[in-house]
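Down below is the structure, laid out as structure tokens.
The values are calculated or read from the model by the stated rules, or taken from the named source; none is laboratory data. It should be emphasised that the depicted structure is a prediction, and the values quoted were computed from it without experimental measurement. Neighbour counts run over all protein chains shown; Cβ positions are idealised from the backbone, glycine included. Side chains included, ligands, DNA and RNA excluded: accessible areas come from the protein's heavy atoms. Shrake-Rupley method; radii C 1.70, N 1.55, O 1.52, S 1.80 Å.
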Amino acid sequence: MTPLERSAVYGGFAAAFRTADGGADVLDEAVIPPPSKDAARAFMAAFDPSISKTAVSLHASAHLERDQTDLYQELIRWYDHFGLKRRDGGELPDHLSVMLEFLQFLTAQENANAADAAAVASLHAAQADFVTRQVLPLVDTVIGKLETADPRYHALPGALRAFLDDELAVLGR
């Protein structure tokens with residue numbers, strides 16, 4: 001898979017974890033079923049703890065035993081290092097969709113710098129480190145706590161985990 005294709009998949013996953021019907025145009029329906037007619041309700045029941053007692057939060061700070069401020073500062077340093085800033089009113093930096101958008105950006109940068117082996121190696125190292133330290137702990141927690149019966153939202157975290165495993169193999173980790 002090319003860096004641009006990988007970037008598109010990250011974008012699809014980011015959209016899928018942001019809105020009920022997000023990513024449906026990018027993600028493989030053989031692995032992740034399309035949204036149901038009642039997708040908005042099912043999405044909130046799966047991922048919005050303010051709506052459902054059985055929902056699992058997509059914010060890392062809801063699950064980690066570390067200080068929320070420290071986590072936010074660490075994530076913001078990652079984003080700032082690559083020239084990215086939070087949009088006014090945008091998701092918090094620890095939301096899974098924001099983390100996946102960041103990886104989408106890094107893989108797009110990998111494509112843009114394809115002729116520069118040192119830049120690509122640096123981007124690969126950043127991607128692998130970010131996936132390992134930030135994204136995988138959250139994804140594994142979501143998988144472990146997810147209680148939805150909705151086929152799409154039940155399959156989504158596992159499909160992301162499989163993609164991230166493939167990514168780590170591509171990145172040499």
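Counting Lys +1, Arg +1, Asp -1, Glu -1, what net charge surrounds Arg66 among other residues with beta carbon under 15 Å of its beta carbon? Before the final figure, lay out the partial values.
Details: positive: Arg77, Arg133; negative: Glu65, Asp67, Asp70, Glu74, Asp94.
Once positives and negatives cancel, what remains is -3.
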Seminar exercise, completed: Residue by residue through segment 79-90, the couplings from Karplus 6.51 cos²θ - 1.76 cosθ + 1.60 with θ = phi - 60°, in Hz, x for Gly and Pro, are 5, 4, 4, 9, x, 9, 10, 6, 6, 4, x, x
Exercise. Roughly how many Å² is the accessible area per residue of the chain, as a whole number, for a 1.4 Å probe?
Worked result: 51
Problem set entry | Near-label residues of segment 113-139 by backbone N, under 20 Å of a point 7 Å along Cα→Cβ of Asp165 | 128-139
Exercise. Which residue, Gln109, Gln127, Gln68, has the most motion in a Gaussian network model of the chain that connects Cα atoms within less than 10 Å?
Worked result: Gln68
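Which order, highest average first, do 28-38, 8-18 follow once you tally other Cβ atoms within 10 Å for each residue and take the mean per peptide? Intermediate results must be reported in sequence, preceding the final value.
Numbers: 28-38: 13.0, 8-18: 23.5.
The packing order, highest mean first, is 8-18, 28-38.
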Exercise. Ala119 to Phe82: extension gain in nm, 0.36 nm per residue of separation minus the Cα-Cα distance?
Worked result: 12.1 nm
Exercise. Does anything in segment 105-132 have its amide N under 16 Å from the 7 Å Cα→Cβ label point of Leu4, and if so which residues?
Worked result: 105-115
Seminar exercise, completed: Between the alpha carbon centres of segment 1-65 and segment 124-155 the gap in Å comes to 10
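With a/c under 1.5 counting as rounded, go ahead and sort segment 1-149 into rounded, prolate or oblate using the C-alpha gyration tensor (a ≥ b ≥ c being the square roots of the eigenvalues; past the cut-off, prolate if a/b is larger than b/c, else oblate). Please report the intermediate quantities before stating the final value.
On the way: a/c = 2.11, a/b = 1.34, b/c = 1.58.
Judged from the Cα gyration tensor, segment 1-149 comes out oblate (a/c at least 1.5, b/c at or above a/b).
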For this session: Would you kindly derive the ³J(HN,Hα) couplings of segment 152-166 from the backbone phi angles with the Karplus curve 6.51 cos²θ - 1.76 cosθ + 1.60 (θ = phi - 60°), listing them in order in whole Hz, with x for Gly and Pro?
Result: 5, 6, 6, 7, 4, x, x, 5, 5, 4, 5, 4, 5, 4, 5
Problem set entry | Cβ-based charge dipole, the chain, positive-most Cα from Ser7, Leu168, Leu92 | Leu92
Exercise. Once Lys and Arg get +1 and Asp and Glu get -1 on their Cβ, which of Gln104, His81, Leu58 lies farthest toward the positive end of the dipole of segment 46-107?
Worked result: Gln104
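What do you get for Rg/Rh of segment 16-73 when both radii come from the Cα atoms and Rh is the Kirkwood radius?
Ratio of gyration radius to Kirkwood radius for segment 16-73: 1.08.
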Exercise. Hey, rough spin-label estimate for Leu64 and Ile51, points 7 angstrom out along Cα→Cβ, what's it come to in nanometres?
Worked result: 2.6
Problem set entry | Size of charge dipole - the chain - debye, nearest 20, with Cβ of Lys, Arg +1 and Asp, Glu -1, no other charges | 240
Exercise. Taking all protein chains as present, what is the carbon and sulfur share of the accessible area of the chain, in % to the nearest whole number, probe 1.4 Å?
Worked result: 53
